[in-house]
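Worksheet: one structure, shown below.
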Amino acid sequence: MPSIFERLKSLGVQVGSQGISSSRSSTRFPIEQVVDGHIFDTPLGQSFVAEQQYPLEHHHGLTPLKLSASLQRISSWLGIPRLASMELPDFIFLDTETTGLVGGSGTLVFLIGVGRFDQSGFQLAQYFLRDPAEEPAQLTGLIRYLSSFQGLVTYNGKSFDIPLLTTRFILNGEASPFTAIAHLDLLPLARRLWRDRLPSRSLGQIEQNILGATRTEEDVPGWLIPSLYFDYLKTGDARPLRSVFYHNAMDILAMAALLNHISNMLETPQPGAVVHGIDLISLGKIFEDMGDFQTAAQCFADGLDCEIPDGNRREALQRWSLMEKRRHNLEKAIELWRLAANDQDLQAFIELAKHYEHQVRDFEEAIHWTRSAIELVKNGDFTPFERQQLLHELEHRLARLERKNAA
């Protein structure tokens, strides 16, 4: 199968901006007749932009677009201190549509969607590459739009959108406008919050399951988008691209709503404000990462009070108990290990055995927990290799404890 670069080359598309042309045979349905937008002039030629405005009270699904909570905790978790002092109008929300999903110098960014808040609402602009030769003008239009922003919000933008756009700027002899910005990529946060509850953390899954938003039939799957643009370059028929503009716009609205949703979760990590027990457990992990152990412990406790699957319950007890052990709060750690032991958790048996051997020097109690662990391994669901390794370690511990107890 030919690569994206080879397909572009077969269409007359070249890397960079020099000598690029399209092989479109007709312009019977140009983009300006399909999408509500206008052609704008730059010193490097003309390009096309579609613009929309959404009111400040607009909801994406069940979630308001406008940020209503502090960014302080997101700033702390991401390790970007200046995010905390920024205002919402300082941020640009950005998403791209490209001719390939891998990236590299042979990949064109044919649609750049950007959105920002002002006093009147959320302003969305989509810069479209009508012809590859218009790339310098498209990028110039984008630079104008970005002239006053300080922060950037993306979803997987650090790995994909921004490196790709930086490549396009360099190939066109321009410095990237993204080098000195505070970049808030929502994907790592989404992964940390929902990897234990959702099968996928794609923006579409987050949109449906977290934001309560359902797209219309106008949407198009992301994997199909490059082919639609290649077809447009061949035929000049922009009508199928209406769905691509819709897809891109929904992605940007979803990012704005998601930033608001996550910010509120972190500001009010409590039952009621956070519906799912597994999400409370995930919040506990985030606060543990930030060193806010008191809030982490409360999140773990609240999550364990909810109906959650056994696996999530075991993991929460393990995380919480080990956190308390590191804080030298052994009384709480022992309480949690005993709770986990009631659920036949092997790690809890081992931790209790260690505690009674090394801290209390109650060898009979340590022997009890070690024998309990051995029985669990013998009868539990372990691979032969795991069972052999665990039994070797536990039987070695038991022998040592019996020698100590007999001394």
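Derivation of every value follows stated rules applied to the coordinates shown; laboratory data play no part. No experiment lies behind these values; they were computed from the predicted model shown. Backbone-built Cβ (ideal geometry, glycine too); neighbour counts: all protein chains shown.
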Fill in: Filtered GluC sites (Glu not before Pro), segment 171-254: DSSP coil and at most 12 other beta carbons within 10 Å
217, 218
Fill in: Positive-end extreme of charge dipole, segment 37-134 - chosen from 49, 77, 117 (charges on Cβ)
77
Worksheet item: So in the chain, what percent of DSSP beta bridges are antiparallel if you round to the nearest 5?
Response: 75
Practice prompt. Apply the Karplus parameterisation 6.51 cos²θ - 1.76 cosθ + 1.60, with θ equal to phi minus 60°, to every residue of segment 218-228 and state each ³J(HN,Hα) to the nearest whole Hz, in sequence, with x for glycine and proline.
Written response: 5, 5, 9, x, x, 5, 8, 4, x, 5, 5
Discussion item. Counting only other residues whose beta carbon sits under 14 Å from that of residue 215, what net charge do I get with K and R as +1, D and E as -1?
Written reply: -4
Fill in: Interatomic Cα distance distribution for segment 31-161, bins of 10 angstrom, percent
11, 36, 35, 16, 2
Worksheet item: Amide H to amide H, which residues 5 or more places from residue 184 or on other chains are under 5 Å from it, using H placed in the peptide plane?
Response: 152, 153, 154
Worksheet item: When the dipole is taken about the Cα centre of segment 188-254, and only Lys, Arg (+1) and Asp, Glu (-1) are charged at their Cβ, what size is it in debye, to the nearest 20?
Response: 340
